[in-house]
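Undergrad: Take this structure first; my questions come after.
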Amino acid sequence: MPQLAPISLVKASGADVIVQRRRRITLIAAGGLVLAIAGAVLFTWEPWVDRSPFVARTYVVAGTALFTDEGHGVCRPKESAGKRKLLGEDKRVLATGWGSEGEILSSRYGDAAGKCLYYTEYRDVPAGEDTYYEVGEEKFYTSDGDRYESKLTESDLRSHFEEVKKNYLHFKAPR
């Protein structure tokens with residue numbers, strides 16, 4: 001016959017139960033702390049966001065005072081309209097660009113006809129910012145005293161000239 005181990009009929013002491021509960025609570029708290037730290041690291045690092053640099057373009061429709069007609073429907077912004085800066089969401093400068101050659105819009109473009117549609121190109125702009133801001137060399141201010149900055153998204157910066165030009169078809173200026 002196999003030998004059986006003796007069974008104790010004595011209850012565990014209250015101190016043993018308290019020690020076991022403390023160990024469980026400590027293990028649960030340590031696991032929660034590890035999860036919280038891992039979540040915070042992922043939230044700030046955002047490894048799922050593509051941050052590879054890209055060529056960004058912003059588009060402007062400028063009136064006759066701000067561009068030079070090069071002939072054959074080609075225009076170029078004047079010096080005062082040319083140099084621009086692209087800022088990140090924390091307002092640090094990401095890139096500097098100059099207005100490039102554009103196109104004078106025909107009568108098909110409604111109220112934008114005769115104006116110059118040109119773009120400013122920025123190279124090696126880091127992707128993944130929630131908001132981008134574009135400012136010019138000349139400082140313009142809003143009615144409440146803040147510096148005027150155009151607020152852009154990454155998809156705005158990745159749009160192509162023909163897409164933007166198409167958006168101005170039959171354009172009506174606000175009255």
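Undergrad: Report the calculated FRET efficiency for Glu89 and Ala40 (r = Cβ-Cβ distance, R0 = 22 Å), to the nearest 0.05. Kindly include the intermediate steps, with their values, before the conclusion.
TA: Working: r = 19 Å, r/R0 = 0.89.
Here the calculated transfer efficiency is 0.65.
Undergrad: Taking only protein heavy atoms into account and a 1.4 Å probe, give the accessible area per residue of the chain in Å². Before the final figure, lay out each step's value.
TA: Details: 12650 Å² over 175 residues.
Accessible area per residue: 72 Å².
Undergrad: Where does the chain land at 222 nm, in deg cm²/dmol rounded to the nearest 500, when only DSSP H runs of n ≥ 4 count, each adding -39500 (n - 2.57), divided by all residues? Don't skip to the end; give the middle numbers.
TA: On the way: 4 runs with 47 residues, N = 175.
The helix contribution divided over the chain gives -8500 deg cm²/dmol.
Undergrad: Would you list Asp156, Asp69 from the most to the least accessible area, probe 1.4 Å?
TA: Details: Asp156 70, Asp69 100 Å².
Ranked from most to least accessible, the order is Asp69, Asp156.
Undergrad: Pick out, from Thr58, Ser106, Pro77, the residue whose Cα sits farthest towards the positive end of the charge dipole of region 52-111, with +1 on the Cβ of Lys and Arg and -1 on the Cβ of Asp and Glu.
TA: Selected residue: Thr58.
Undergrad: Sequence gap of 8 or more, or different chains, plus Cα separation below 18 Å: how many lysine pairs satisfy both in the chain?
TA: Lysine pairs meeting the criterion: 13.
Undergrad: What is the set of long-range amide H partners of Leu87 at a cut-off below 5 Å, with H atoms built 1.01 Å from backbone N?
TA: It is Leu94, Tyr133, Glu134, Val135, by chain and number.
Undergrad: Angle, helix 14-45 long axis vs. longest principal axis of the chain, Cα atoms, 0 to 90°, nearest 10?
TA: In the chain, helix 14-45 runs at an angle near 10 degrees to the longest axis.
Undergrad: Relative to the Cα centre, what is the charge dipole magnitude of the chain, using +1 at the beta carbon of each Lys and Arg, -1 at the beta carbon of each Asp and Glu, and rounding to the nearest 20 debye?
TA: Values: 25 positive and 25 negative charges, 183 e Å.
Once rounded to the nearest 20, the dipole reads 880 debye.
Undergrad: Is the shape of region 47-126 best called rounded, prolate or oblate, per the rule: a/c under 1.5 gives rounded, else a/b larger than b/c gives prolate, else oblate, with a ≥ b ≥ c the square roots of the Cα gyration tensor eigenvalues?
TA: Working: a/c = 2.78, a/b = 2.16, b/c = 1.29.
Prolate, since a/c reaches 1.5 and a/b exceeds b/c.
Undergrad: Also, quick follow-up: How charged is the neighbourhood of Glu154? Take every other residue with its Cβ under 9 Å from the Cβ of Glu154, and add Lys/Arg as +1 and Asp/Glu as -1.
TA: Working: positive: Arg158; negative: Glu129, Asp130, Asp156.
Once positives and negatives cancel, what remains is -2.
Undergrad: Name the residues whose placed amide hydrogens come within less than 5 Å of the amide hydrogen of Thr68, ignoring near sequence neighbours (fewer than 5 apart) on the same chain.
TA: Arg76, Lys78
Undergrad: Amide H of Phe171 versus every other amide H placed in the peptide plane: which residues, excluding those fewer than 5 positions away on the same chain, fall under 5 Å?
TA: Gly110, Asp111, Ala112
Undergrad: Two-decimal Rg/Rh of the chain from alpha-carbon positions, Kirkwood Rh? Present the calculation step by step, with values, prior to reporting the outcome.
TA: Details: Rg = 31.3 Å, Rh = 21.2 Å.
Computed over Cα atoms, the ratio is 1.48.
Undergrad: Now for a different question. Given a 1.4 angstrom probe, I'd like the percentage of the accessible area of the chain that is carbon and sulfur, rounded to a whole number. All intermediate terms of the calculation are to be shown ahead of the outcome.
TA: Values: 7190 of 12650 Å².
Taking all protein chains in place, the chain shows 57 percent carbon and sulfur surface.
Undergrad: For region 64-112, with only Lys/Arg (+1) and Asp/Glu (-1) charged at the beta-carbon, what is the dipole magnitude about the Cα centre, in debye rounded to 20?
TA: Working: 8 positive and 8 negative charges, 53 e Å.
Charge dipole, region 64-112, about its Cα centre: 260 debye, nearest 20.
The values are calculated or read from the model by the stated rules, or taken from the named source; none is laboratory data. All figures in this text were calculated on a predicted structure; none of them were measured in a lab. Positions of Cβ are generated from backbone atoms using ideal geometry, with glycine treated the same way; all protein chains shown enter the neighbour counts. In case anyone asks, the SASA skips ligands and DNA or RNA and just uses the protein heavy atoms, side chains included. Shrake-Rupley method; radii C 1.70, N 1.55, O 1.52, S 1.80 Å.
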